[in-house]
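Colleague: The following block contains the structure, expressed as structure tokens.
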Amino acid sequence: MKHFDELNLLPQLKAALVKMNFTTPTPIQAQAIPAALEGRDVLGSAATGTGKTGAFGIPLVNRLLGNPRGSALILCPTRELAIQVAGQITLLGKYLGIKALPIYGGAGYGDQIYGLKNGAQVVVGTPGRLMDHMEKGTLSLDSLTTIVLDEADEMISMGFKEDIESILESAPMESSNIWLFSATMSPEVRRVADKF
């Protein structure tokens with residue numbers, strides 16, 4: 001794949017990509033996007049800064065446009081990355097009515113709960129705060145169609161492995177795809193990938 005217009009994307013998403021000046025996919029995007037669009041689970045390894053967010057964001061937005069009742073959960077290791085990824089997803093969905101809600105620690109619960117109650121279709125969060133919302137009953141995973149682990153190696157090295165596994169075990173795995181992206185493929189990341 002040499003250009004995004006070769007992909008079977010919905011017209012609204014193609015228009016958003018044009019507005020964002022996305023024309024040529026990076027190697028990770030060229031490999032991951034077609035598999036994700038086919039509805040397969042994806043395991044992608046590429047260095048930071050190589051376009052991993054686009055590799056999962058583009059098929060994610062396309063999938064949600066095709067299934068307005070579906071939702072997605074993106075796990076990130078840090079609040080900074082959660083904010084960045086949510087911003088990118090919101091840009092991809094800007095003309096399509098899809099917005100991403102960042103959920104992370106160190107911020108008040110009020111705006112997060114408000115966003116969750118108002119049906120955020122894409123939730124991007126850190127594992128610890130996502131677990132908090134699940135325990136409070138303010139985050140439901142019932143309508144998930146896609147779960148993304150972004151920078152999985154970082155999350156595991158920061159001690160989030162148990163939280164990640166708890167979240168995945170609570171998700172409707174039979175009706176969801178899992179897309180795992182990591183800069184490195186450590187034995188721990190591989191174990192999580194193999195288990196889920």
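Condition check ((1) more than 25 Å from A193 (Cβ to Cβ); (2) crowded, with 21+ Cβ neighbours inside 10 Å; (3) touching a Gly at 6+ places or on another chain (Cβ under 7 Å)) across all residues:
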position: N21; (1), (2), (3): yes, no, no
position: G49; (1), (2), (3): no, no, no
position: G54; (1), (2), (3): no, yes, no
position: V61; (1), (2), (3): no, yes, yes
position: G70; (1), (2), (3): no, no, no
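A quick yes/no check of all residues on (1) of a type in the set (A, V, I, L, M, F, W, C); (2) open to solvent by less than 10 Å² (accessible area, probe 1.4 Å):
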site	(1), (2)
T126	no, no
L130	yes, yes
E135	no, no
L139	yes, no
F160	yes, no
W179	yes, yes
R190	no, no
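Colleague: I've got another one for you. Which residue is modelled with the lowest pLDDT, if the candidates are limited to the stretch 133-171 and must be in contact with a strand residue (DSSP E or B) (Cβ under 6 Å, 6 or more places away or on another chain) and under 24 Å from L65 (Cα atoms)? Even if it seems obvious, please write down each step before you answer.
Modeller: Taking the stretch 133-171 as the starting set, the residues that turn out to be in contact with a strand residue (DSSP E or B) (Cβ under 6 Å, 6 or more places away or on another chain) are 143-144, 146-150, 152-153, 171.
Within this subset, residues satisfying the condition of being under 24 Å from L65 (Cα atoms) are 143-144, 146-150, 171.
On the way: S143: 89, L144: 93, T146: 95, I147: 96, V148: 97, L149: 96, D150: 95, A171: 93.
Going through the qualifying residues, I end up with S143.
Rundown of residues vs (1) free of Cβ contacts under 8 Å to residues at least 40 places away in the same chain; (2) closer than 25 Å to G119 by Cα; (3) more than 12 Å from the chain's Cα centre (by Cα), yes/no style:
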site: N21; (1), (2), (3): yes, no, yes
site: P27; (1), (2), (3): yes, no, yes
site: A35; (1), (2), (3): yes, no, yes
site: R40; (1), (2), (3): no, no, yes
site: L65; (1), (2), (3): no, yes, yes
site: A72; (1), (2), (3): no, yes, no
site: Y95; (1), (2), (3): no, yes, yes
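Colleague: Now, a different point. For residues that are open to solvent by less than 30 Å² (accessible area, probe 1.4 Å) and touching a Pro at 6+ places or on another chain (Cβ under 6 Å), scanning just the stretch 82-124, find the one that is nearest to L10 (Cα to Cα).
Modeller: A86
The values are calculated or read from the model by the stated rules, or taken from the named source; none is laboratory data. Remember, it's a predicted structure, so these values are computed and weren't measured experimentally. For neighbour counting, all protein chains shown are included, and Cβ atoms are generated from backbone atoms with ideal geometry for every residue, glycine included. When the accessible area is computed, the model is the full protein with side chains, heavy atoms only, and any ligands, DNA or RNA have been set aside. Shrake-Rupley method; radii C 1.70, N 1.55, O 1.52, S 1.80 Å.
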